[in-house]
């Protein structure tokens, strides 16, 4: 009921002006076992041991919070798994787990054409982002980036959502957010944002259409009034 109330309030103010996206499982699919299989060819560890390195313990969370850097994380990986390659090779092999979701990234140019500001809002790390910058052209389409490792914050912490509001200069129903984790979406709804849990590209596109995001946000009369 509360979610419906927030969404109705947002619709009353017109379409959102900002579209914010999580990266993993929304714009990019990922599978740590793919990275582990590729890394296993260059280490003394097997696929299971490599997957456990990434998913067990708190090293990855510390990396995503910016409490350790890429070099420190890489050094720990070398020591634990016997990797003999360079940091750059490690970054690329780790990044091999990422795969673009084209049905979602194809919406980004349409959203920009409609006048929406585009932002990345993601729990992530510098190894992943450096790989994404190099490999995936869609990343350059965004107007700004709220990245956990740069801010020392992670979703669903309220302070991280405040970062997005400061970056965009928008708040409440002016922001439309897409994330695959329900707890992150609930935190957005608690702030009055319009937000959805990403289930499929078709469902997310429909939600954006229903919110008016894929329609032209600045009407011709509004453009005329802005001319000097």
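Nothing in this text is a laboratory measurement; each read-out follows from the coordinates by a stated rule. Predicted, not measured: the structure shown is a model, and the values here were computed from it. Every residue, glycine as well, gets a Cβ built from its backbone with ideal geometry; the counts of neighbours run over all protein chains shown.
List of remarks:
- Overall dimensions of the chain, expressed as equivalent-ellipsoid semi-axes from the Cα gyration tensor (√(5λ), whole Å, largest first), are 36, 18, 16.
- Ranked packing of 112-125, 32-45, most packed first, by mean Cβ within 10 Å: 112-125, 32-45
- Model label points for residue 210 and residue 72, set 7 angstrom from Cα along the Cα-to-Cβ axis, are 4.4 nm apart.
- Seen against the Cα atoms of the chain and their longest principal axis, helix 126-135 is set at about 70 degrees.
- Alpha-carbon gyration tensor eigenvalues x 5, square-rooted, for the range 111-165, Å: 20, 17, 6
- Estimated at 0.36 nm per residue, the fully extended path between residue 61 and residue 199 surpasses their Cα-Cα distance by 47.2 nm.
- Degrees separating the helix 70-81 axis from the principal Cα axis of the chain, which is the longest one: 40 degrees
- Rounded, prolate or oblate (a/c below 1.5 giving rounded, otherwise prolate when a/b exceeds b/c) for the range 58-103 by Cα gyration tensor: oblate
- Centre separation in Å (Cα based) which lies between the range 45-83 and the range 182-212: 32 Å
- For the chain, the relative contact order works out to 30 percent when only alpha carbon pairs closer than 8 Å and six or more residues apart are counted.
- Diagonalising the gyration tensor over the Cα atoms of the range 32-96 and scaling each eigenvalue by 5 before taking the square root yields semi-axes of 17, 13, 11 Å, largest first.
- Long-range tail of P(r) for the range 103-216 (Cα pairs > 24 Å, %): 22 percent
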